[in-house]
Structure formats: C-alpha cells, structure tokens
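Derivation of every value follows stated rules applied to the coordinates shown; laboratory data play no part. Computed from a prediction, not measured in an experiment: that's the story for all the values here. So basically every Cβ, Gly included, is an ideal-geometry build from the backbone, and we count neighbours across all protein chains shown.
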Amino acid sequence: MFCIGQSRNISLSERSIVMYKKIISYLLIFTLFLGTLQNVGIVRGDTGNEESWEIDLSSNNTSMTFMYEPKSDGIYQIYTKGSYWNRVLLTVKDISTGTIISSTTGDWATARNDHLELFNYKRYSFTFSLIDDDEGFAGNVSINLFKEGLQDLFTIENGVLKDVSEYSQNFIIPEGVKEVDSNICGKLGKYYNYFPSTLEKVDAYYLGRVTNISYYDIDVNNNYLKSIDGVIYSKDGKHLIAFPPCGKSDFKVADDTVYIDNYAFAYSYVRNVECPNTIVKIGEEAFVQGSIKKIHLGNKLEEIGYGAFWDCTALDSMELPRTLKVIGGTAFYSCTDLTSITLPENLEEIGYHAFCNCKNLSTLVINSNIYLDDGIFESCSKLNDFSVGDKCNKYSVRDGILIQDDDRLYLYPSDKEGDYTVPLFVNSISDGAFYNSQKLTKLYIPSNYEGNVPIIQSPMIDEIIVDAGNKYYYSKDGVLFEIVYGETKLLQYPIANKRTEYTIPSDVDEIEYYAFCSFNDAIRQLKTLVIPTGIYVPDCLIFDTIAETRWWHWEGAVEQPYLTIKGYDGSSAHDYYLKNGEDENLKWESLGKEDTQIDNDKDDKDENKFMLNYDANSFTHSSNSNKYLTAGFKGVKDYKLDESYFNKLIKYSTKGEKNRIKQSMNSSWGGSCYGIATTMGMVYKNMINISEINSNSANCYYKLPYPYKDKKLLNTIQYFQLSQSLEYGGSYAASKSFTTRGKNDEADSLSEFLKAVVKTVKEEGVSLFTFATKESGHAVLMINCEETDEGYRIKMYDENTYNDNHKPGYYSYFDISSDYKSFSWKDEGLTNENYMQMQIIDWNLMKQLNGNGSSSGKKGKGHSFVTVGLDDSFTIRNNENEYLTWDGNSFSGNLEILSENYEYKNISESNSEAMVNLEVENSEYFTFCDITGELNASIEGDDKYQSIEASNVSLVKMNLNEGVIIDSNNAEYQFKTFITTDEKVSENENNLISVSAKTKGKTTLSVNNTNVDVTNENGMDDIYTSNYVGVKTATKTYNTSSKYISVDNIYKNHTHQYVLTNSKQATYAENGLKTYICDICGNIKTENIAKLMKKNNKPAKSSIKKIKKKKHGLIVTWKKVKGIKGYELQYSLKKNFKGAKTKTIKKVSTTTVAIKKLKRKKKYYVRIRTYIVSNRKKIYSDWSKFKVKKTK
C-alpha cells in the first residue's frame, strides 16, 4: 500500500490512526492492480509445497509511475505498503531537476519518510516497484493512493499514458511514455504538442481533433519520430504522420517523403499543399474535413486512399498525375468547390462514391480505359461536360452523353433539356446514368432494349414511354413496368406527372424500390396512391432513403406534401405505412382487410407448392456495397460467425480441421450459395423455423427484410456454408449420392447418381443439389420431378438467378435421359462432358449437423489431405520422391491417390478456381514444383494445417511440423500463408498465424513453438500478419521493409488501438453512445454520451448563418443542432412576421434549403427555430434572430 498525506509531530500510532481516519473521511482511495506476475516479465517456479520464484524486475509491468503536484508548500509523509511477502521500493523524484529526493524500501509492513519537503508549482514522480525477494509471493499487488494535499497529474501504465487530471494545464508528456491512450487526447488540449524521446507512435486521427495546436515538437533523441517545421514525420522521413491542425496555411511537404499517412492532415486549416515528386501514396482520410483549397500532388503518386479528401469543401484545384493507379472510395466525397476532374491514363481502380456529392463538378475528362462502376459521380448535379482522351478507347461521347464500351449509356449530362430516346446501339444503362439529370422530361425506350432501366432522378421527368413490341418493359399512362418470368413489377412513377391520384394496376406483383421517390428538389404532385391487395411494397417507396438509413439525405431536399395511401389492413402496403407513416407525411385510408391466402397460380401451378413469392428469395453474389439495398447477400466476405455458432460448428473437428475452417472464415469468398440454399430448403422442409433464422419476425423466406445485415440470418447461412467441408456433417458425409470424375471408392457412377436424383426428388420433393466444373460451382434446390417423352425433367430453383434487390428469382430445368446415361442443365451449362463432381444431399443427415456429430465422416485416419487449385499445371512430390503431375486436364505419376473430390471455390474477391481435395498416404512434407502460374494449395493433418496462395513462384515446400519454404529463382512474387503453431489457445485448438508479403527469391517460414519466424535475405515489403483464436482475429502491419520478422500471438500481446466506428448522438430524451473497435483484434468498447441539457424544457436554438439571393428566391443556411427532430424556417415581407410562411424541415442533417417563388427585388425577413417531439407533441425552441436579404 502506498499512501500520501501531510505530516504532524505525533506518534507513529497516532499518525496511523489519523491517516486511516482521513482515508475513511475523504473516500479518495484509488486502487490499481498490476496483475498476476506470471503474465508479465519472466517468472519461473514449481507447484510443490516449497514455492520459489525468480522475477525479472526489468519488465515494465513490475512498476508503476504516478505524477503529482502539491496544492501547497509543506512537509509531507510518504507511506508505502506492498501486498503480503512483497518488498516495495518507492522512489520520489523532482521532475524539473531530475533529482531523486527520497528512496524508501519496505516489506509488507510500514516504511516511511517523515520529513519530505514538497513545493507547489513543482512536479514530482512517485514510482512504485517490486523488489526481488527469495520468498517473493507471485500474487496480485495493489497500490492505494491517499491524495490529500497532492493532486494527480497523470498516470503511466506499461509505457502508455493512461490518464491526465484536470490540473494538467502545464503538462508535458514525460520521458518513458511510448504511447498516448487515444481516449485522453481531448484532455491534453493545446499542450499536446511535445513528444519525448521514448514515444514510438502517435494517433493522427485524435491529434487532428485537438484543434488549437500549431506545431509539434519531438525530442531529437527519439528513434521513431521526428519533427520538421512543426510537422511529425517517421524517423526515416518517408512517412508524414501528422500535420498540426492550426499549422501553416501554405505548406510544402518535406523532400524524400514517400507516404502521407492516414489522417495526417485531418481537420486541419492548411489551405495550400505542395508535395514533392517522391510521394507515392496518400492514406485514408488524410485530409478529411480539412480547409485545403489547392494541392500539388507531384509526379509519382500512385494511390489516393479511401476518403482522403472527404468533405474538403474548399478544394477547387487539383491535377491528378499520370502515375496515379488507385482512387479509393469516397476519396473526393463532397468536395463541393471542385469544378473539373481529369482521370489519368494509368488509372486502374476507382472506388464507390469517389466523387459523389461534388455539387459544382461540371467537367469530366477520361484518359484511362478503367471500368467505371455506377455511383462514382452520384449527386454531381452540374456534371454536363464529358470528353475522352486520344488513348482512351473504352469511352466515347455521343450527343453529349458519355458512352461506355460502345453500347452502355454511362452518364447523362445534368443540363440536357427535353425528351430523350435511348439509341438503338445501347444494350445497357448504368444505374447511375440519370443520377444528375435535372431537365430530362420524357424518356423513350426502344422495342429492342433488353437491359436494366435505372431510376430517373430528374425533377422534371413526367413520362416514360416504351415502344410496343418490347419483351421486357411496357408503359401505361407514362408509368414504367417490367415483366420478369411472368411477374409484373412497377419500376418507376414519373415524379413530375401532373395527376393527383393513381391506382396501381391489379396485375402488378411488386413495386420497385424508389418507384415513387422524389429527387433533386422535385415536389410530388401525387396526393393519393391506391394499392390493391397482394402487391409487395418495399421499405423505400416514396422517400429518398430507406427508413433505417435516414441520416443520408440530399442537401436542400424539400418537404413533401402529405400522401394518402389507400390499401388493405394487414397488407404489405399497410406494413409500410405503419413503419414509415410519421416520418414520410403519410396518411392511411383502409379499403378493408386483406385476404391472406396466397395465390398459387402465380407460381406456375407448382404441384409441390414451393412458391417464388413465399418460399424463395433471390440473393446476389455481387460485392456491391450499396447501403440502400434492402435485400441481397454478399456471401461470407466481411462477416464472421458469432462464437456460439463457431463452437457448435467445430465441436467434433480435429485441430487441423478447426484451423482450416478459421482460414476459410478469414478469406475472401464470392458467395454463400450452399448456406443460402440449405437454410431455404430446411425452412421449407420445416427442419428450421423461420423465426429461428431472422431478427425481424418475417413469416416466410421471401419476406426476410434486410438479409444483408440480419445477424441471425448471416450466422445461419455462414454456419451451413462452412459446414459443407466438415468431416462430420459436411456435404460428403450428408450426401445421399455423389459422383466424381476422380478416384473415390464411395462415389456412384453417373447413371447410379442420376437414378438417385430422380428417386430422391420424386419421393422427397425439394432437395439440395451441388456441382463443380473447372469453370464454376454452385448449390441450388431441386423442386420437383416430372416424366417426359425423353426421360425426366427436374425443376430447379437457383437462389442467385436475379441480382437485383428483392426479386424472387425464377425456375430452370435439369433434363435426364430415360436410360440415366446423360443429362443437361442449359441455364448453368452443366453437361456430361464438363462436370467434375455432383452431389444430392440427404436432409436427415444434414439435420444432424446441429451439434450431434452423428453424420459419419469419410476421411481415412493417418492419411494426409492435400487441396490444390487446378487453373495451372504443377507437380507434387512427397518425402519418398513419389510424384503427381497435373497438366491442366488430368493427373499422372506414381503417387497413389486414395480418393479425390472436387469443388469450385472463390480464392479471393476477384479470383475463383476449381480445387481438388486429394487423400494420400502420410508424408513428412510435400513439395510443389514446375508451377506455371498461381499456386493455391493446403495440407492438413489431424493436428495441423497449412495453406499458401502465391504467384510467380517456382517451388513451395510445406512441412506441417517445420513450416513453409518458398522460392522463385529470384523473381518477384506475392504470397500469403496460413500456418498452425504449437501454441494451445483453447481446448483442442492451436493458434493459426497468417503471413503475407511481397518479395523475391527464397522465403523461409519456420514454426518455432509459439512463433513463426519469417526470413528472406532480399527483404520483404507490404508485410501483414494475423493470428486467429476462435472467431477472434488480430492483425499487424509492418510499415518498413524487413529481412526477418518473428510473428507471435498478436492477440495476446498487443495494446488495443481503438478506432471510432459508430456514434449515436445524444438527445434530450436519451444518452448517446460511441462504439470503438480495436484495429488489431476487433475488440469492441463503448462510451456513453450524456443527454443534452434543456433550458426550460426547450430544445437548443439554431441561428441563421447566411442567406444568398437568387432570382425569385433565397438560399438559407443555418447552424446545425444535435438531438432535435427538425427545424421550422419562417420568412416574411414584414419585420413582425405577420403573414409569414413556414417551411418544416424534418431531416436534422439538412442545413441549407432553397426558398422559391418569391417576389423579385423584395426584402425578406428570415428566422429559424428547432423542435423536438414529446408525447406526440412538438416542443419548439425560441426563434433565432432574423436576417434580412433582398431577392434578385
């Protein structure tokens, strides 16, 4: 125990009594636990009756330092006490002079210094340390601080500055600090600008938020960082890490700088930046929400990171260099002063929404042959001038319109007026083609057009007309409809149509998302919408965003008049009204109660009653990240199983299989067809209740809302997706029959398999079918079987048949000859000639996967299992020099294959490959050589697992006990490996480590007990390492080239680095919440935000910031207020606001609105107030002070 208090001339016993009375009186005991010593430093001992310990006192974890400043001058007593059998050293140092003024040692009994003189306005450090003791007890040690007379300055723990008190106005970060906890950056204020020699890293994201710093000073002896002109760089000068928020207005980046790191200029007031010609990368959000106006990027820049210039509203001048290859998503989002952009010729990648909301962007020049995705230029409402460079042959400009690949309408100019007919040469239209159109009034679609028709966002569109004879689209009364496999969807109602009431035709099955939405300030004329029974209404019908993403909203969007929906109680339309009515100015008028019986005629009279609009749901394998989708599923990419699902999944797995499953969970998959089809089939077969797999109380699979973010559904789908490769309960263990071109004693012949398919589907109805070829692989549902003149026809439902929002998909047919010798599935191109493997699954065996493990496995014990991709040729050799050669079509050689199975797998987001799983006799190691292209391979034993992805290598040697050797004959290559170590991280689970890097020559990855040691004499770049413990992942990035690294259990041995991922604003009614996630391991922590304080129960006031005049109108901008429901804007010709008009703005993110149809050259008075809603009543703030502006 360590106590501090003022001293008096009294006896020791009296002092003790007084001291403890003070402790009780002040209740200011602060207890810190140093933790069990086995977890820190070096500790050795035995578990016998006589315990002996050796403690390495050099460990940082055996000491703790506290900084204090006395509140007044005086004589102080220092009192220390350690826990039982520990000896304690207390060292007191004068910080200003570095002089040790007291050093006191004590065992568990008292040790003290009665006459220590301390002075106010001076700072002292008190360091508590353990002392080596022959009888030292390695238990917990506590320190109690009695703080009367002294005030906290800060606390350091394990080299991390953890806390700073309110008395830190003269604070300077002391020596010994290696890192500053990001949670205390706000406390450091303007003094957060000096960094000692021991500091190893800084967090630029939080530094940027300390807005009154104009320079950074770093100790010259720091080995990690340095300061140049008040800016933080890495010691080698290659990385610009942090620019002070209030630094120079004009700034030149230091010569030889290579990287501008993430957040380096975030929130700064710098206006003009000049980069040297050495800069190759600008990191993520490097200039986010800054004041930058102009930047010179140099002539070697290759990458601009995600959100690099996000919300840099003053940025108006920038030339992208010819060397640029990558522009990250949202890189220039809301750069509202940017007027032109030229995409350079070497550009290879540009992310989603890269130039979204650049309101003044008018000119686009394309010199690159890059494929531009939809949404890159969304909400660029002035973009109207397109041109294409001489070397660009992927784009052209025809009639002022940007055309992609000679037949795709990519962008329609914003200011092109009047009607437009889609040209006959156009085969497709991008989803973003009409994002920015402002003056398009009519769109004509020719009879030959078969592609997608996107939403027309022009506020003047009043009619969409389709030529007669079009097989896929038709129009009626100017409204656009689509026909898909016999079902009708209302695609778009033109927002500027003058009618006030519209009845949706009764033959419509579904309404498209955004079909009745208004965009770009359009005022809806429609007052009444009649929706007949049986029509599916999406969550986003008349509003410009989905209910759950209302924070997004176009600047200046106007309040829409009330819309009355006439429909049936209990219908999809009624559900939509109940969910969105209050927010969207809706009224409901009942036409009675909906008949809930499903019309089976819509499902092509399917005798098995598997219905497209009830039992089915069409998902997408697309990696489209559009947050507005209310359906669609992106596979297991970016999603991991919850721990309970993972533990159930691998309950009967060997250590090797567990690590293979972990590797699969943490790789990029392109889809989850097996998991989707399995859950869909099991729900239909009543093996799973629909309520068990969704969080939104859907009563059928078709009506699953938001499947791409429903955690229950995602867990279930991924659970079954990963289960297919398990020994117990996997697809082979659960197959009723399977056939393969490879060697497998348990496989059926093709005719036996086809007989089993017909028999299974006839007897059981809906069944799960999987296949693999060299080009593709899939899992789908077989619905029913009918006899034909030629044999048998099986109706197939493919859950990925339509990649669009919430469409139910459609059927196709699998034909089998009457002699069971041939088959054909035309939609998938699957035939006798190209199949490699097919399976039909037994639902009852599949059902046993749920934790029982009673499905028998098919793997032989004591064998090795090698999985390898078949795109390129290679040779495998074992330690007996037996070999197998794959020539691209078949295997040859003298290494005996005990069994072989095929699958088609997504290796990465952009790379899929047919794989073969080989069962062979055990071997100490396997060598892959004569490799002609990429190698994707893995080996698995009962206890260990290894895998590798590598390109441009000549030899790979994999040894489960020793590691991996890679060689390339000195050519450059990229690799990624997964390796099991000997470290036990849980019951029957060893640690799995992955290493990826770019290098050349020979790389050795050696397993060294708990570590993987990686060596390459040529050096390695772009090094990333991770380790996987259950569902947890920890990742580390190496910023410098290395010849050697040693990778251990990062998850166990790291300090959390938290990044803010979500923030719920506090309101007057409830607290807010900030959510942080650790960049390394994914650990989550939360921070409560106190409720906003009210004055007289009123919400906070806003104020008018500025008013711009325009012809017949004004543009008003006001101060944004948190925690409210909306604003009321009032304008009048009279100062007393008599006869004033009021606009209600419900979107609290809106801070600008246009007032139109005002009198010319008149003076208008404008004011604003906020409101909240309590007990369904609005409570208003006081009105702001008015501002006056004269119209043009």
Review point. What is the local net charge at Glu962, summed over the other residues whose Cβ is closer than 12 Å to its Cβ (Lys, Arg +1; Asp, Glu -1)?
Key: -1
Review point. Which pairs, out of Lys248/Lys1147; Lys498/Lys1192; Lys593/Lys703; Lys711/Lys976; Lys248/Lys1189; Lys1135/Lys1159, put more than 27 Å between their alpha-carbon atoms?
Key: Lys248/Lys1147; Lys498/Lys1192; Lys711/Lys976; Lys248/Lys1189
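What do you get for trypsin sites (Lys or Arg not before Pro) in region 328-419 restricted to DSSP loop and a cutoff of at most 14 other Cβ within 10 Å of the site's Cβ? All intermediate terms of the calculation are to be shown ahead of the outcome.
Numbers: sites: Lys359, Lys382, Lys391, Lys394, Arg398, Arg408, Lys416; in loops: Lys359, Lys382, Lys391, Lys394, Lys416.
Filter output for region 328-419: Lys391.
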Practice item. Please work out the C-alpha center-to-center distance from region 1106-1168 to region 221-283 and express it in whole Å. Key: 42
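Between rounded, prolate and oblate, where does region 1104-1190 land on the alpha carbon gyration tensor, with a ≥ b ≥ c its root eigenvalues, rounded for a/c under 1.5, else prolate if a/b exceeds b/c? If you can, show how the numbers build up before the last one.
Details: a/c = 2.21, a/b = 1.72, b/c = 1.28.
Prolate shape, in that a/c is at least 1.5 and a/b is the bigger ratio.
Just to confirm a number: summing +1 for Lys and Arg and -1 for Asp and Glu over residues other than Gly791 whose beta-carbon lies under 14 angstrom from that of Gly791, what do you get? Present the calculation step by step, with values, prior to reporting the outcome.
Numbers: positive: Lys755, Lys759, Lys762, Arg793, Lys821; negative: Glu786, Glu787, Asp789, Glu790, Asp815, Asp819.
Counting the neighbours of Gly791, the net charge comes to -1.
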Revision key, fill the gap. In whole angstrom, the spacing between the Cα centers of region 456-525 and region 418-437 equals 16
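Which net charge results for the neighbourhood of Val426, defined as the other residues with beta-carbon distances under 10 angstrom from its beta-carbon, given Lys and Arg at +1 and Asp and Glu at -1? Each step should come with its number before you reach the end.
Numbers: positive: Arg398, Arg408; negative: Asp406, Asp407.
Computed value for this residue: 0.
Rank-order 435-446, 461-472 by packing density, defined as the average count of other C-beta atoms within 10 Å over each peptide's residues, highest first. Could the numbers behind the result be given before it?
Working: 435-446: 20.7, 461-472: 15.8.
Going from most to least packed, we get 435-446, 461-472.
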Practice item. Go from 0 up to the bin containing the longest alpha carbon distance in region 863-1047, width 5 Å each, and give me the % of pairs per bin. Key: 1, 8, 17, 21, 21, 17, 11, 4, 1, 0
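Which of rounded, prolate or oblate describes region 710-802 when judged by the alpha-carbon gyration tensor and an a/c cut-off of 1.5?
Values: a/c = 1.86, a/b = 1.25, b/c = 1.48.
It comes out oblate by the Cα gyration axes.
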